[in-house]
Amino acid sequence: MEAWIQRIFLIALPWALLAPAHAQDEQPEGGSRSVLDQIITPDMERRVIEEDALDRENFELGLYTGVLSVEDFGSNDVTGIRFAYHVTEGFFLEAVLAQSTLRETSFERLSGSAPLLTDEQRELTYYNLSIGYNIFPGEVFIGKNWAFNTSLYVIAGAGNTSFADEEHFTYNFGGGLRFFLTDWIALHVDMRDHIFSHDLLGEELTTHNLEAHMGFTLFF
């Protein structure tokens, strides 16, 4: 007798446990939601994000001034203008026109002889077209509230140097740092080497003429 009671009890128990869950799943619309529905909520409100209008200035124009060391003619002030076009975020093209006035050579100063060049012939002008590449874009932090974009770049090209009534084909290469004060004003610090040959002192010489300059450019 007791065995039959135990069998009936074991058969009815699972149905008794499943009945509440089955009844909950069959609740009409508007009833209380199941635990699963409370956890998964597919109907989420999406935020509306407004994209900022980014600047797309690819042209750069500016002035610079510095020191140009011409071999045999000492260190001389130099001023110039640069124009650049940024082809991509990495590569850019740059055209430069600059002017300097050369000092006397060491031979002229030591020998006391007549000047080798007239004042007009000491006016040096160079122009070149170069290609540059931004190798290390980054940021500079000043204090806790100021951050400025920077770009370290290398550059190389060719052009012409004119002085002493002669034209000299010139190679140039170097590097610089572009420091963005705003999104359209940049400070440049550059080092260049201008390589050309001349025979003003009687012998053909290939000279390396170092230049260091600083300037500002505007993006538009």
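Values as computed for the structure displayed
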quantity: Residue satisfying all of: in region 76-93; assigned to a strand (DSSP E or B) and free of Cβ contacts under 8 Å to residues at least 24 places away in the same chain; nearest to PHE220 (Cα to Cα) among these; calculated: ILE81
quantity: Residue count for region 145-172, restricted to those that are more than 23 Å from PHE59 (Cβ to Cβ) and over 16 Å from the mean Cα position of the chain (by Cα); calculated: 14
quantity: Scan of region 182-209 for residues that are in a strand (DSSP E or B) and of a type in the set (Gly, Ala, Ser), ordered by number; calculated: ALA186, SER197
quantity: Residue match in region 138-147 (condition: among the aromatic types (Phe, Trp, Tyr) and at pLDDT 90 or above); calculated: no
quantity: Subset of region 161-180 (residues that are open to solvent by less than 30 Å² (accessible area, probe 1.4 Å) and under 17 Å from LEU93 (Cβ atoms)); calculated: ASN172, GLY174, GLY175, GLY176, ARG178
quantity: Those residues of region 164-181 which are on the phi < 0 side of the Ramachandran plot and either at pLDDT below 90 or hydrophobic (A, V, I, L, M, F, W, C) (or both), in sequence order; calculated: PHE169, PHE173, LEU177, PHE179, PHE180, LEU181
quantity: Answer residue from region 63-77, given it is open to solvent by 50 Å² or more (accessible area, probe 1.4 Å) and of a type outside the set (S, T, N, Q) and is modelled with the lowest pLDDT among those; calculated: ASP72
quantity: Qualifying residues in region 94-149 (those that are part of a loop (DSSP other than H, G, I, E, B) and open to solvent by less than 70 Å² (accessible area, probe 1.4 Å)) - the one farthest from ASN76 (Cα to Cα); calculated: GLY143
quantity: One residue from ALA156, ALA212 being over 17 Å from LEU93 (Cα atoms), part of a strand (DSSP E or B), at pLDDT 95 or above and open to solvent by 20 Å² or more (accessible area, probe 1.4 Å); calculated: ALA212
quantity: Positions within region 81-93 being open to solvent by less than 10 Å² (accessible area, probe 1.4 Å) and in contact with a Leu (Cβ under 8 Å, 6 or more places away or on another chain), in sequence order; calculated: ARG82, ALA84
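The values are calculated or read from the model by the stated rules, or taken from the named source; none is laboratory data. Computed from a predicted model, the values in this text were never measured in an experiment. We place every Cβ from the backbone using ideal geometry, glycine too, and count neighbours over all the protein chains shown. The protein model used for the area step is the full one, side chains on, heavy atoms only, and it has no ligands, DNA or RNA in it. Shrake-Rupley method; radii C 1.70, N 1.55, O 1.52, S 1.80 Å.
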